[in-house]
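Report on the structure given below.
What follows draws every value from the coordinates through simple rules; no lab data is involved. None of these values were measured; they are calculated from a predicted model. Because the Cβ atoms are built from the backbone with ideal geometry, glycine has one as well, and the counts that use them run over all protein chains shown.
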Amino acid sequence: MTAAELLNYLNVRGGQEYRVTALLHIGTGKKASVRELGEYHLNVRGGHVQATGPSGQTRLLNRSEFLAVFGSYVFSPVTPTGAMTDLGPLFG
C-alpha cells in the first residue's frame, strides 16, 4: 500500500487507530530487497494524521506533510489497534 492509498484508507476510517509497518524497497533486479523501517500507529483527527513512530514520538501532520514524510515508503497491511481516538465519526 502506498502512502497516498494509506491516507485515503485512514480518511474513510477517521477516529480509529491503525498499526502499519513502513517498508523501503532498495535496489533493483536480483539485488532488490525490502527493509522494514519500523511500526507506526496512525489515525486521522480532522484534517490531520496523528503518527506515532517507532521511537514513541507523536506528530500531527497535514495531508501534504504526511505525503512528504512517507511518500517514498510502502506499507504492510493495515491492522486496527482497537483504540478509538475520536468518537466524532460515530456520532456525526
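How far is helix 3-12 tilted, in degrees, relative to the longest principal axis of the Cα atoms in the chain, given as a value from 0 to 90 rounded to the nearest 10?
20
Over all distinct Cα pairs, what is the inverse of the mean 1/r for the chain, reported as the Kirkwood hydrodynamic radius in Å?
By the Kirkwood definition, the hydrodynamic radius is 13.7 Å.
Counting other beta carbons within 10 Å of each residue's own, what order do M84, M1 fall into, fewest first?
So the residues, fewest neighbours to most, are M84, M1.
Over the chain, calculate the relative contact order: mean separation of alpha carbon pairs under 8 Å at least 6 apart, over the residue count, as a percent.
39
Each residue of region 40-55 in order: what ³J(HN,Hα) in whole Hz does its phi give by Karplus 6.51 cos²θ - 1.76 cosθ + 1.60, θ = phi - 60°, with x for Gly and Pro?
Per-residue couplings from phi come out as 10, 10, 10, 8, 9, 10, x, x, 10, 9, 8, 10, 10, x, x, 7 Hz.
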